[in-house]
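The values are calculated or read from the model by the stated rules, or taken from the named source; none is laboratory data. From a predicted model like this one, the values you see are computed outputs, not experimental measurements. Using ideal geometry, Cβ is built from the backbone for each residue, glycine included, and neighbour counts are taken over all protein chains shown. Calculation scope for accessible area: heavy atoms of the full protein, side chains included, ligands and nucleic acids excluded. Shrake-Rupley method; radii C 1.70, N 1.55, O 1.52, S 1.80 Å.
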Amino acid sequence: MLSCNRSISQTKQQQSNHFLYKTELDTSKGNYGMHIEVKQVLPDTNELIPMSIDDRDIIGRSKYVREEQIKLLGEYLTYRGDTNTSNKRYRFKAGSHMVSPEGIKGFTVEVEALYSFTRMLTQGLPPIKPALISRVTGEQLNTNPKVVSEVYDIYTRWYKENAKTDFKNIILPLTGSSYCWLGEDKGMELFLKKSF
């Protein structure tokens with residue numbers, strides 16, 4: 001009964017989102033799942049508009065102001081507990097297309113939300129993949145609900161603390177914690193925005 005109530009309250013929170021929404025379930029073999037999309041404001045043009053672009057580019061093209069971007073960032077935290085399979089695509093390498101992450105177990109909508117949140121704090125193509133790992137053992141932890149919940153607590157605290165300082169001089173939410181994203185050890189300083 002408790003999980004049912006949590007699911008109902010989570011759905012209500014997501015319905016009140018102004019900038020993010022979850023897609024319908026795609027049951028096709030190669031693209032099974034659903035994912036989080038940023039609501040787009042398309043430019044008024046007669047030219048072709050690329051639709052398969054990074055969320056950060058969608059935000060820029062939609063001309064969301066800083067205050068809207070901060071609210072959008074917080075909306076990612078409403079997907080906590082959403083264990084539906086994610087079929088989100090990202091651009092991981094320069095000159096490549098948007099692709100689904102390969103070799104990642106437990107890539108759910110809730111993990112996607114945390115990963116997308118993290119990418120919002122970066123520029124360019126950061127070396128991270130959407131796999132939470134233990135800094136000590138290197139074990140992938142996406143399928144550990146206790147860890148994912150703990151990471152949501154870390155991100156929620158990070159968001160509230162940085163709201164007090166107007167998101168100036170930010171660091172990655174998982175800095176100093178027991179967890180990090182796969183590839184984070186390759187150096188994130190060049191990709192991290194100094195303020196949001």
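Values as computed for the structure displayed
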read-out	value
Solvent-accessible surface (1.4 angstrom probe) belonging to residue 98, in square angstrom, nearest 10	30 Å²
Radius 14 Å from Cβ of residue 153, net charge of other residues (Lys, Arg +1; Asp, Glu -1)	+1
Student exercise, the chain dipole from Lys, Arg, Asp, Glu Cβ charges, in Debye to nearest 20	240 debye
Total formal charge among the other residues, if their Cβ is under 11 angstrom from that of residue 31, Lys/Arg +1 and Asp/Glu -1	+2
Residue among 108, 87, 165 farthest towards the positive dipole end of the chain, charges placed on Cβ	165
Point-charge dipole on Cβ atoms (K/R +1, D/E -1) for the stretch 63-167, about Cα centre, debye to 20	280 debye
Set of lysines with alpha-carbon distance to residue 71 below 19 Å, sequence-local pairs under 8 removed	12, 22, 39, 63, 160, 164, 168, 193, 194
Whole-Hz ³J(HN,Hα) from phi, Karplus 6.51 cos²θ - 1.76 cosθ + 1.60, for the stretch 133-146, glycine and proline x	10, 6, 5, 7, 9, x, 5, 6, 10, 4, 8, 9, x, 5
The chain, accessible area per residue, ligands and nucleic acids excluded (1.4 Å, Å²)	57 Å²
Table column - 3J(HN,Hα) (Hz), the stretch 111-123, Karplus curve with 6.51, -1.76, 1.60, x for Gly and Pro	6, 4, 4, 5, 5, 5, 3, 5, 4, 4, 8, 10, 10
Under 18 Å from residue 105, Cα to Cα: lysines that are on another chain or at least 8 residues apart	29, 88, 129, 146
Carbon + sulfur, % of accessible area of the chain - ligands and nucleic acids excluded, 1.4 Å	53 percent
Prolate/oblate/rounded call for the stretch 62-148, Cα gyration tensor, a/c under 1.5 rounded	oblate
Among 28, 149, 134, residue whose mean-square fluctuation peaks in a GNM of the chain (springs only between Cα atoms under 10 Å)	28
Accessible area (Å², 1.4 Å probe, nearest 10) - residue 66	70 Å²
